[in-house]
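Novice: Quick one: structure below, then a few questions.
Derivation of every value follows stated rules applied to the coordinates shown; laboratory data play no part. In this text the structure is predicted, and so the values were computed from the model without any measurement. All Cβ positions, even for glycine, are placed from backbone atoms using ideal geometry, and neighbour counts span all protein chains on display.
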Amino acid sequence: MKLLFIADPLHSFRIYKDTTFAMMREAQRRGHTLAVCEPQHLTWQRGGKVTARVLDIRLTGDAEAWYEAHPERSAVLTEFDAVLMRKDPPFDSEYFYATHLLEQAERDGARVFNKPRALRDHPEKLAIMEFPQFIGPTLVTREAADIQRFHAEHKDIILKPLDGMGGMGIFRVGPDGLNLGSITETLNRHGEQSVMVQKFLPEIVDGDKRVLLIGGKPVPFCLARIPQGSEVRGNLAAGGKGVARPLSARDWEIGEALGPILLARGLLLAGVDVIGDCVTEINVTSPTCFQEIFDQTGCNVAFLFVDALEAAAAAHQR
């Protein structure tokens, strides 16, 4: 297959841990060809199809000069057997516009994973609203008074912005309510921006688990991101320690319930974040942790993903 990865700049990859790199490596091992571009390289003009300025690359196996690239060229997205949208968050206006360009490419006949409409329809924090049976006490509001009432009921709470990533902007407020007003004003911008508030889950000490769903099925191992020191956030970007573990019975229950639903909507890959028994987020833009799980368990997540990608691309061609 000819694959196009829409991703962050290649120079920003840390290949020892990058999931997109792991996907590329497994795809090339199977004989598939690789091309890359960034979202800003997508173009559409009336009367034509969506195109991109792409680099055709080959992975070298070298840790430093890890790829070789041909000169940049213009390519129609329908030229590829699969287009993989792997741009990291934030999900800002430009990301939103890129999904519309990719949806137009689908109308041209391109095969895009994850499906652009599904990326738009599943904001990573709000997507949990559809599955209340799997989440803890949660509030979404702009109103400071609502947050105060939620705190009065649950005593120990987490507040976070809806557009955050990597643990950015997450606050914990304990029973004393210290700084609740100031934190609320910071996050809701005096009522102009919505905030998610959740009951603090003490199981975070055992890790914020990333359960990967590939082709509608759970990967048998998750990565528990464990907070370090006095930090409340387990995110790897916030200094959390990643420990791979077999899925618990509850993790399997969650994965087997959500997987087929998300796959039917065009989400070939999703990452469900679980603390204790509760889902806290559903990540669909560029879920990670492939290499950490493989390094610690030998479970080749990239192999499972490329298997699912090949099957999905073949199904589109029928």
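Novice: As an exercise, use a Förster radius of 41 Å and the Cβ-Cβ distance of Arg53 and Glu185 to find the FRET efficiency, rounded to the nearest 0.05. Write down the numbers at each step before the final one.
Specialist: Working: r = 43 Å, r/R0 = 1.06.
About 0.40, to the nearest 0.05.
Novice: Now, a different point. Binning at 20 angstrom from zero up to the longest distance, how are the C-alpha pair distances of the chain distributed in percent?
Specialist: Taking every Cα pair in the chain, the percentages come to 32, 55, 13, 0.
Novice: Here is a further query. Give the average over all directions of the projected area of the C-alpha convex hull of segment 60-143, one decimal, in nm². Each step should come with its number before you reach the end.
Specialist: Working: hull surface 39.0 nm².
Reported value for the Cα convex hull: 9.8 nm².
Novice: If every alpha-carbon in segment 225-274 counts as one equal scatterer, what log10 I(q)/I(0) does Debye give at q = 0.25 1/Å?
Specialist: Listed by q, the Debye log ratios stand at -0.93.
Novice: For the chain, what does the relative contact order come out to in percent, with C-alpha contacts under 8 Å and a separation of six or more?
Specialist: On the way: 624 pairs, mean separation 56.7, N = 318.
Contact order relative to length: 18 percent.
Novice: Could you list Cys222, Cys299 in order of exposure, starting from the residue whose Cβ has the fewest other Cβ atoms within 10 Å? Walk me through the numbers before you get to the answer.
Specialist: Working: Cys222 27, Cys299 18.
Ordered by Cβ neighbours within 10 Å, fewest first: Cys299, Cys222.
Novice: Within segment 42-59, name every residue whose backbone N is under 19 Å away from a label modeled 7 Å from Cα of Arg107 along the Cβ vector.
Specialist: 42-52
Novice: Hey, another quick one. Based on the Cα atoms of segment 115-262, what semi-axes does the equivalent ellipsoid have, where each is the square root of 5 times one gyration tensor eigenvalue, given in whole Å with the largest first?
Specialist: Details: eigenvalues 147, 72, 39 Å².
Equivalent ellipsoid semi-axes, largest first: 27, 19, 14 Å.
Novice: Which parts of segment 199-220 would a label at Phe131 reach, counting a residue when its backbone N lies under 14 Å from a point 7 Å out along Cα-to-Cβ?
Specialist: Taking a point 7 Å out along Cα→Cβ of Phe131, the residues of segment 199-220 whose backbone N falls under 14 Å are 209-219.
Novice: Take peptides 253-263, 130-140, 280-290 and line them up by average Cβ neighbours within 10 Å, highest first, as a rough protection proxy.
Specialist: On the way: 253-263: 18.5, 130-140: 15.2, 280-290: 23.5.
Descending mean neighbour count gives 280-290, 253-263, 130-140.
Novice: Okay, moving on. Expressed in whole Å with the largest first, what are the equivalent ellipsoid semi-axes of segment 2-116 derived from the C-alpha gyration tensor as the square root of 5 times each eigenvalue? Please report the intermediate quantities before stating the final value.
Specialist: Working: eigenvalues 110, 48, 31 Å².
Gyration-tensor ellipsoid for segment 2-116: 23, 15, 12 Å.
Novice: Given Cβ point charges of +1 (Lys, Arg) and -1 (Asp, Glu) and nothing else, what value in debye, to the nearest 20, does the dipole of segment 114-235 about its Cα centre take?
Specialist: On the way: 16 positive and 15 negative charges, 97 e Å.
Dipole magnitude for segment 114-235 comes out near 460 debye.
Novice: With +1 on each Lys and Arg Cβ and -1 on each Asp and Glu Cβ, how big is the dipole of the chain about its Cα centre, in debye rounded to the nearest 20? It would help to have the intermediate numbers written out before the result.
Specialist: Details: 36 positive and 42 negative charges, 113 e Å.
That gives the chain a dipole magnitude of about 540 debye.
Novice: Can you work out the base-10 log of I(q)/I(0) for segment 137-200 at q = 0.16, 0.19, 0.23, 0.29 1/Å, using the Debye formula on its C-alpha atoms alone?
Specialist: -0.41, -0.59, -0.89, -1.44
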